[in-house]
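The values are calculated or read from the model by the stated rules, or taken from the named source; none is laboratory data. Computed from a prediction, not measured in an experiment: that's the story for all the values here. Cβ: placed from backbone, ideal geometry, glycine included. Neighbour counts: every protein chain shown. Surface areas here come from the heavy atoms of the whole protein model, side chains and all, with no ligands, DNA or RNA. Shrake-Rupley method; radii C 1.70, N 1.55, O 1.52, S 1.80 Å.
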Amino acid sequence: MNMRKYYHLLNLRRSKGLLISNSKWVHQTSPIESHDFRCHPKTPSPSPPTPSPPSSYSHLYRNTYSQNAMVSRHLLHATHSNLTANHYHTQFSKLHTSELRYHEDAYLQDYQVTVKDREVISAAVTLESKHWLPLSNLDLLLPPIEAGLFFCYKKKNNTDMSSETVVKTIKSSLAGVLSTFYPLAGEIVQNSQGEPEVLCNNYGVEFVHAHADIDLKDLDFAHPDESVKGKLVPKINRGVVAIQVTELNCGSIIISGAFHHQVADAYSINMFLVAWAQYARLETISSIPSFRPSVLNPRRPPCYTTSIDNIYIPASSLPPPSSFEEPLLGRMYYIHAKSIQQLQQEASTKETKISKLLSFTSFVWKLLAHGGDKAIDTTSRMGIVVNGRRFLAESDEKNTSLLENHFGNVLSIPYGMATNDDLKAMPLHEVAAGVHKFVSKATNEEHFRELIDWVEMHRPNPAVARIYFGLKKSEGEAVVVSAGQALPIKDMDFGWGKPDFGSYHFPWGSRTGYITTMPSAKKNGDWVVYMHLKEKDFNLIDHMAPHVFKPLTYSHFSS
């Protein structure tokens, strides 16, 4: 479910006073049909006039918790030899070799993906009985959307990367690691209040084995909506996770997954990925996840300041849905380390050194202001995703380990607002100072404790981040930046070497732009950025900052 559909769903729930059934919280399973990925020529739209490029960077500018929900240590000692075909079984008897279906209307890169097999992988070792794992208050702030990712492995001459070896390794290790990350083998259900929670019943993870009729070097990763979306990353048809292995003509493979965002944030997904690869290599899992939402229980009595009202809003207060005038598109760019360093230098002062993420965010905010509405005092908003684990753990020594390894969502999205004229006029370090100011309000324990209490005071009514839903036209356009630098590319070795490229994949249906920064697989400080913006924004970026944003190509993969 994308953000656009979720927005309409929230309004439908509010207007009719209905609880959302489970079928509304998760994607409905539908029969898989045979579809061909034939593209239709896309007529290029005329590019709007763009400003002259700047001469330099500086001018651009809840909850109770049942103890039996705790994973027992003995689950970790399941031997790999115990993993047999009993842990995964073929589902959907009507399924046979078929072509993957694309789920949105879009221009596609012209190649065909054929499903060779589709199975459900169950955890090798499970708890004695099924139980319900409630979502924390912070989980409830996330819409029911999917967060995906994929890793590309070039064919290696002296390594067994046969289809049989890869698929067998992925399926057996997945069954094993699900014994530790057992909620991921469950499904989303609805409690008596109409809120989602995880039924830990070993429902299983859908696994897809596919073949793509294309070579890795020919994939247009700069345009992921055309080359990746709906083809190389699976959709969740059941449960909370889907995994896909795609073999390519050249012998290369792509391993991808989709995760229900209400169950896991990027930090949690990364924890699972590292553990999965470690299990495949017969190594001890280094970080054991904690499934104890009680560590994020609200205070008694709950209390919060108006600062939380400024960044989150009950769904009942959302305006009626309006049409999306211009859809967002996906692009991937490569940024060299020297460009990032230069941005950081210009965003910092002698007194204050700004982080690379905030420097980049400030640069993008200032840059996009050049393409804003020409009316005087038109504003725009910029938000940054903040992970609260460190701030909560620092002041809670008793639960430090539980908080650091908490599996779920511990996120907040503070944002700032400024007029486009001011953003264009200010030097980059002044924009960065403003970004640092609004982000710093969320980088402390009290902010997250207040946010947990705020959700408690509004339950069971759903709530969302304000920046995803503009309430007034005067608020202008908005973009959210998320740091994906912890994407564990270097750790994703299942036995045939590290990936040559890795990326999050987050198809976006909101009117708010979204940008994720990630490390290059070259491990040289370069970045890969996944961006969801309007076409006019990309035209602006390509015209004004080609020295920073390089369209992603095969040459940017590690050698």
### Message
Restricting to region 201-224, count the residues that are assigned to a helix (DSSP H, G or I) and open to solvent by less than 20 Å² (accessible area, probe 1.4 Å).
### Response
2
### Task
Might you check whether a residue that is closer than 15 Å to ALA242 by Cβ, open to solvent by less than 40 Å² (accessible area, probe 1.4 Å) and at pLDDT 95 or above occurs anywhere in region 96-117?
yes
### Task
Name, by its number, the condition in (1) surrounded by fewer than 21 Cβ atoms within 10 Å (Cβ to Cβ); (2) of a type outside the set (Asp, Glu); (3) part of a strand (DSSP E or B) that does not hold for LYS498.
(3)
### Message
Are there helices (runs of 4 or more DSSP H) fully within region 282-375 with at least 3 residues that are of a type in the set (Ser, Thr, Tyr)? List them.
### Response
356-369
### Task
Would you mind telling me which numbered condition in (1) open to solvent by less than 20 Å² (accessible area, probe 1.4 Å); (2) not in a helix (DSSP H, G or I) TYR279 fails?
(2)
### Message
Take the residues in region 326-385 that are more than 14 Å from LEU428 (Cα to Cα) and of a type in the set (Asp, Glu); name whichever of them is least open to solvent (accessible area, probe 1.4 Å).
### Response
GLU326
### Query
For region 237-258, which residues satisfy the criterion of being surrounded by fewer than 23 Cβ atoms within 10 Å (Cβ to Cβ), farther than 20 Å from SER162 by Cα and either among the charged types (D, E, K, R) or within 14 Å of the chain's Cα centre (by Cα) (or both)?
ARG238
## Note on the structure
Taking first residues from region 292-309 that are under 13 Å from ALA442 (Cα atoms) and second residues anywhere that are part of a loop (DSSP other than H, G, I, E, B) and modelled with pLDDT of 95 or more, the pairs with Cβ under 8 Å that are 6 or more apart or on different chains are SER307/LYS441
### Residue that is touching a helix residue (DSSP H, G or I) at 6+ places or on another chain (Cβ under 6 Å) and open to solvent by 10 Å² or more (accessible area, probe 1.4 Å), where the choices are LYS437, LYS424
LYS424
### Query
What are the residues in region 225-253 that are assigned to a loop (DSSP other than H, G, I, E, B), at pLDDT 95 or above and of a type in the set (Gly, Ala, Ser), if any?
GLY239, GLY251, SER252
### Query
Hey, does region 386-397 have a residue that's part of a helix (DSSP H, G or I) and in contact with a Lys or Arg (Cβ under 9 Å, 6 or more places away or on another chain)?
yes
### Task
Sort out which residues of region 535-559 are open to solvent by less than 40 Å² (accessible area, probe 1.4 Å) and farther than 18 Å from VAL228 by Cβ, and write them in order of number.
ASP537, ASN539, LEU540, ILE541, MET544, ALA545, VAL548, PHE549, SER558
### Task
Those residues that are open to solvent by 10 Å² or more (accessible area, probe 1.4 Å) and either over 15 Å from HIS260 (Cβ atoms) or of a type in the set (Ser, Thr, Tyr) (or both), I need them from region 179-200; list them, please.
TYR182, ASN191, SER192, GLN193
### Task
Of the numbered conditions (1) open to solvent by 10 Å² or more (accessible area, probe 1.4 Å); (2) in a strand (DSSP E or B), HIS447 fails exactly one; give the number of that condition.
(2)
